[in-house]
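Please treat every number below as a calculation from the coordinates, not as lab data. Every value quoted in this text rests on a predicted model; they were computed, and no experiment measured them. For neighbour counting, all protein chains shown are included, and Cβ atoms are generated from backbone atoms with ideal geometry for every residue, glycine included.
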Amino acid sequence: MEGKADGFTLVEVVVAVTILVLVLSAALLLYAQGALVYKREEVQVDIQENARIALDRLVRELRSAKEIVTIQSNSITFILDDGSRVRYYHDVGRQQLMREKGGGVNPVASFIKDLRFEKEAEDDPSHALIGITLVAGEREKEGFTLSTKVLVR
C-alpha cells in the first residue's frame with residue numbers, strides 16, 4: 001500500500017473557496033453600505049452648512065438694513081445703508097433661497113424646502129423684530145429647521 005498523498009482533496013478546495021467567497025462578499029457588502037451611508041451623510045452635512053451660511057448672510061444684511069420695505073410669508077425686501085434694495089425669497093420650484101439686488105438674482109442656498117418670515121410685535125416702533133425659519137433637506141421626509149430672530153433698527 002502506498003503512502004497517503006500530501007495535499008487537499010477537490011472537496012476540501014471547493015469548500016474552502018466557497019467559504020472565502022462568502023466572507024469576501026460579506027466584507028464587500030459592508031464596505032459598499034458604509035460608502036453609501038458616508039456619501040449620503042456628506043451631502044446632508046453640505047446642505048446643513050450651506051443653509052446655515054445662507055441664513056447667517058441674510059441675518060447680517062437684515063441687521064444692517066436701513067428700512068424694511070415689505071415682509072411676506074416667504075420673502076423680505078429691505079434697503080441697505082448704501083440705498084440699494086435687497087430682496088430674499090424662496091424659489092419653490094428650484095428649492096433655492098434667492099437674493100435679488102440691483103436687477104441681479106443669485107441663488108444663496110439650494111435644497112431649501114421652506115422659508116418663512118414673520119414680523120413680531122415690538123414695543124419700540126423704531127425697531128422691528130423679525131422671525132426667520134428656514135427648512136432645508138434633500139429628500140421629501142428628511143430635513144432640518146433653522147430658526148432665528150433679528151432685531152432690525
Check your understanding: Listed residues Thr77, Thr145; which is surrounded by fewer than 15 Cβ atoms within 10 Å (Cβ to Cβ) and not basic (Lys, Arg)?
Key -> Thr145
Exercise for review: Under 6 Å between Cβ atoms, at least 6 apart or on separate chains: pull out the pairs that start in the range 85-114 with a residue that is within 27 Å of Gln44 (Cβ to Cβ) and end on any residue that is basic (Lys, Arg) and surrounded by 14 or more Cβ atoms within 10 Å (Cβ to Cβ).
Suggested key: Tyr88/Arg99; Asn106/Arg99; Val108/Arg99
